[in-house]
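Report on the structure given below.
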Amino acid sequence: VRSDVAVQIYGDDLTLLESKAAEVVRTLQRVPGAADVKAEQTTGLPVLRVRIDRQAAARLGIHAEEILDVVEAVGGIPAGVVFEGQKRFLLQARFGEETRSSLDRIRDLRVPAPPAVAGGPRRLVPLSQVANVTLEDGPAQISRENVSRRISVEANVRGRDLGSFIADAQVAVREEVRLPPGWSLAWGGQFENLQSASRRLALLVPVALLLIFLLLYTTFGSARLAALIFLTVPLAASGGIAALALRGYPFSISAGVGFIALFGIAVLNGVVLVSHIVERRARGLGADAAAREGALVRLRPVLMTALVASLGFVPMALATSAGAEVQRPLATVVIGGLLTSTLLTLLVLPALYSRFTGRADRAESRADAGAGGPFPASLRPAGGA
């Protein structure tokens, strides 16, 4: 099914299937956001129906098989096979087109009957005397799945997200449509792709975050610094969530992909800043001075990284062409997250570094003082000098 949503109804009665599909159509049309709601066309094909009048056929002494032979000849009776070298062609015998295309001519087809008197010639009785021949609307197609007849109701979604529409539609159909015992109903369409993508995203996001932390740990060799830089992830996520809320977009698959890209850029800015602070600390600066100098020196690289990424996503955030419904949430997340993560990275991250690292330095100084100075006891001069 190419539509956004498909409701599959499974049952055994074609007429009742069509009726229940019409009920589902009326129910979905009342759900906000529904568009192009339609049921699968299952009827409308002209069918020639021949019902044998068994009482009339018995009075004339005609067997039902003889009547059906005449009816079968309208479509064609196998008469043999024609061989032309290695090719085989089925040979059929049937009435001419002028007979097959006229309902009156079909009713006037002759059926052989026993003679009226013993030893007399056989009679030819019109088909209309021993059968009712009518032209009716029959099924255009009969779809089956899992050994059950099936009819589909399709709908597209406009002006809202697919997930919330499915939730409202399922509640409405469950409350308003009653299926006979033994029947079932299933939801499908592009909604199935959303479900599978959501399951994959629920696995990929934690894996991406874990890989980010492991890479940070291997880069700095410190779980404390890795955790400090990892704090840029919630700082960036808050901005992405706020941007989605301001623009009225729900959390979608494209928004989830945008969060993964956002986390990578935010962590990169954190690495740029903290690596410079660590370098200054290695040259002998205190925690406060190193954090302050790192924020000032790395201001331009951090801002340039955030601005380049944000400006690159602006056309996607304002897109209105085909595929814009996928591009806009992704770009909105990245732009909103970079705005908050950049500000918080330049202001909050140095303060947190100064606080946690300064506390560790003070604890180390107290330990050294308690041990008698900055030297180990084995290296201190005798007499405590």
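The values are calculated or read from the model by the stated rules, or taken from the named source; none is laboratory data. This structure is a prediction, so every number in the text was calculated from the model and none was measured. Don't worry about glycine lacking a Cβ; one is built from the backbone with ideal geometry, like all the others, and counts go over all protein chains shown. Just the protein is used for accessible areas: all its heavy atoms, side chains included, with ligands, DNA and RNA removed. Shrake-Rupley method; radii C 1.70, N 1.55, O 1.52, S 1.80 Å.
Can you pull out every residue in segment 96-108 that is within 18 Å of Ala131 (Cα to Cα) and either open to solvent by less than 90 Å² (accessible area, probe 1.4 Å) or in contact with a helix residue (DSSP H, G or I) (Cβ under 8 Å, 6 or more places away or on another chain) (or both)?
Result: Thr99, Arg100, Ser102, Leu103, Arg105, Ile106, Arg107, Asp108.
Kindly list the number of the only condition in (1) touching a residue at least 40 places away in the same chain (Cβ under 8 Å); (2) over 25 Å from Leu210 (Cα atoms); (3) open to solvent by 30 Å² or more (accessible area, probe 1.4 Å); (4) in contact with a helix residue (DSSP H, G or I) (Cβ under 7 Å, 6 or more places away or on another chain) that fails for Gly286.
Tallying (1) touching a residue at least 40 places away in the same chain (Cβ under 8 Å); (2) over 25 Å from Leu210 (Cα atoms); (3) open to solvent by 30 Å² or more (accessible area, probe 1.4 Å); (4) in contact with a helix residue (DSSP H, G or I) (Cβ under 7 Å, 6 or more places away or on another chain), Gly286 fails exactly one: (4).
Give me the helices (runs of 4 or more DSSP H) completely within segment 189-258, filtered to those with at least 2 residues that are among the hydroxyl-bearing types (Ser, Thr, Tyr) and within 30 Å of Ser164 (Cβ to Cβ), ordered by residue number.
Answer list for segment 189-258: 190-220.
May I ask you to list the residues in segment 133-159 that are in contact with a helix residue (DSSP H, G or I) (Cβ under 9 Å, 6 or more places away or on another chain) and surrounded by fewer than 15 Cβ atoms within 10 Å (Cβ to Cβ)?
Thr134, Leu135, Ile142 - these are the residues of segment 133-159 that are in contact with a helix residue (DSSP H, G or I) (Cβ under 9 Å, 6 or more places away or on another chain) and surrounded by fewer than 15 Cβ atoms within 10 Å (Cβ to Cβ).
Hey, can you tell me all the residues within segment 217-271 that are under 30 Å from Thr357 (Cβ atoms) and basic (Lys, Arg)?
Arg224
Just one of (1) in contact with a Ser or Thr (Cβ under 6 Å, 6 or more places away or on another chain); (2) in a helix (DSSP H, G or I) trips up Ala22, so point out which.
In the conditions (1) in contact with a Ser or Thr (Cβ under 6 Å, 6 or more places away or on another chain); (2) in a helix (DSSP H, G or I), Ala22 misses (1) alone.
Is there any pair with a first residue in segment 205-222 that is over 26 Å from Glu279 (Cα atoms) and a second that is open to solvent by less than 70 Å² (accessible area, probe 1.4 Å) whose Cβ atoms are under 7 Å apart and which are 6 or more apart or on different chains, and what are they?
Val205/Gly256; Val205/Ile260; Ala208/Ile260; Ala208/Phe263
Return a yes/no flag: does segment 116-130 have any residue that is under 24 Å from Arg51 (Cα atoms), in contact with an Asp or Glu (Cβ under 8 Å, 6 or more places away or on another chain) and of a type in the set (Ser, Thr, Tyr).
yes
Each row is one residue, and each column tells you yes or no for (1) out of contact with any Pro (no Cβ under 9 Å at 6 or more places or on another chain); (2) open to solvent by 100 Å² or more (accessible area, probe 1.4 Å).
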| residue | (1), (2) |
| --- | --- |
| Thr27 | yes, no |
| Leu48 | yes, no |
| Asp53 | yes, no |
| His63 | yes, yes |
| Gly80 | yes, no |
| Glu84 | yes, yes |
| Ala93 | no, no |
| Pro126 | yes, no |
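Might you let me know whether segment 180-187 holds any residue that is open to solvent by less than 60 Å² (accessible area, probe 1.4 Å), modelled with pLDDT of 80 or more, hydroxyl-bearing (Ser, Thr, Tyr) and in contact with an Asp or Glu (Cβ under 7 Å, 6 or more places away or on another chain)?
Checked segment 180-187: no residue is open to solvent by less than 60 Å² (accessible area, probe 1.4 Å), modelled with pLDDT of 80 or more, hydroxyl-bearing (Ser, Thr, Tyr) and in contact with an Asp or Glu (Cβ under 7 Å, 6 or more places away or on another chain).
Going through segment 25-53 one residue at a time, which ones are touching a helix residue (DSSP H, G or I) at 6+ places or on another chain (Cβ under 8 Å) and either within 16 Å of Arg174 (Cα to Cα) or part of a strand (DSSP E or B) (or both)?
Residues satisfying the conditions are Thr27, Leu28, Arg30, Val31, Ala34, Val37, Lys38, Ala39, Thr43, Leu48, Val50, Ile52.
Look at segment 65-81 and say how many of its residues are over 52 Å from the mean Cα position of the chain (by Cα) and hydrophobic (A, V, I, L, M, F, W, C).
3
For segment 1-19: of the residues being polar (S, T, N, Q) and either outside any helix (DSSP H, G or I) or open to solvent by less than 10 Å² (accessible area, probe 1.4 Å) (or both), which is modelled with the highest pLDDT?
Gln8
For segment 92-105, give me each residue that is closer than 15 Å to Glu72 by Cβ and not small (Gly, Ala, Ser).
Across segment 92-105, the qualifying residues are Gln92, Arg94, Phe95, Thr99, Arg100.
Taking Ala208 and the conditions (1) open to solvent by less than 40 Å² (accessible area, probe 1.4 Å); (2) within 15 Å of the chain's Cα centre (by Cα); (3) modelled with pLDDT of 80 or more, which numbered condition does it fall short on, given that it satisfies the others?
Failing condition for Ala208: (2).
Could you list, in sequence order, all residues of segment 109-124 that are in contact (Cβ under 8 Å) with a residue 12 or more places away in the chain and exposed (fewer than 11 other Cβ atoms within 10 Å of the Cβ)?
The one that is in contact (Cβ under 8 Å) with a residue 12 or more places away in the chain and exposed (fewer than 11 other Cβ atoms within 10 Å of the Cβ): Leu124.
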